[in-house]
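Engineer: Here you go, one structure.
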Amino acid sequence: MLIKVIDQITDAEQLEAAWTLYLEAFEELNSLAVQRHLMYRSEFDEVMRDPRVDKYLALEADGTLIGLSCYTNNLEAIPLIAPQYFERHYPDDYYAKRIWYIVFVAVKPEAQGQAAFALMSEQMYLVAATQNGMVGLDLCSYNNDVRRMSRVFRLLIGRLCNFNMTFKQIDQQSFWLYNFPAVAAEGVAELPDAA
């Protein structure tokens, strides 16, 4: 297996293979997590063409794409995160461009458990580690609680640096659902007037 790092995917056939792999890896999360974890096709294509975001391609010997990850220290290039958070909490690292973000790591379902995930993660780690940087990523509760991905990353990367690292949760978002079945059964006419 070969890990190839490129700054853009512009070839139509390679872009379609990347989109198919991405869909296979993340489509199920849309029914397991409240917040959308799957980019729209237009967003995906934009990220694939954006030279500010490095693309790590895990390729089999015949050139078949089995893994794809996106990684950048240009936080403005990432949909759905707030660069201002990092600027406020880690200003020195932010302005020195020593904060990298893993946009996603996707592996074809039939290749999961093989080396693609580990090899892409290791290569991304080396970029930040050689520059005294830090790496951020986001995990939904399903990926963290069920698949234990924060533990997987901690063990995988810890092994590479002899566990000479810190690892902490920097933010959390929870989603709440309020349900009013008794009120709906009583009817709107019986609701008290607002003061």
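Engineer: Just to confirm a number: summing +1 for Lys and Arg and -1 for Asp and Glu over residues other than L2 whose beta-carbon lies under 12 angstrom from that of L2, what do you get?
Structural biologist: Computed value for this residue: -1.
Engineer: Could you pull out every residue, at least 5 positions away or on a different chain, whose amide H is within less than 5 Å of the one on W100? Hs are placed 1.01 Å off N in the peptide plane, and Pro or chain starts have none.
Structural biologist: M134, V135, G136
Engineer: In nm, to one decimal, how far is the V5 label point from the H89 one, both placed 7 Å along Cα→Cβ?
Structural biologist: Between V5 and H89, the label points sit 2.5 nm apart.
Engineer: Pop a pseudo-label 7 angstrom from the Cα along the beta-carbon direction at both R36 and L126 and give the gap in nm to one decimal.
Structural biologist: Those two pseudo-labels are separated by 3.6 nm.
Engineer: Excluding A58 itself, calculate the net charge of residues whose Cβ lies under 12 Å from the Cβ of A58, where each Lys or Arg counts +1 and each Asp or Glu counts -1.
Structural biologist: +1
Engineer: Turning to a different aspect of this structure: Rounded to the nearest 20 debye, what is the charge dipole size of region 19-84 about its Cα centre when +1 sits on each Lys and Arg Cβ and -1 on each Asp and Glu Cβ?
Structural biologist: Values: 5 positive and 11 negative charges, 42 e Å.
I would put it at about 200 debye.
Engineer: Ok, one more. Compute the signed sum of charges (Lys and Arg +1, Asp and Glu -1) over the other residues within less than 12 Å, Cβ to Cβ, of F167.
Structural biologist: Details: positive: R151, R154, K168; negative: none.
Taking every Cβ under 12 Å from that of F167, the sum is +3.
Since every read-out is calculated from the coordinates, none of them should be taken as a lab result. On a predicted model such as this, the values are computed, not experimentally measured, just so you know. All Cβ positions, glycine included, derive from the backbone under ideal geometry; neighbour counts span all protein chains shown.
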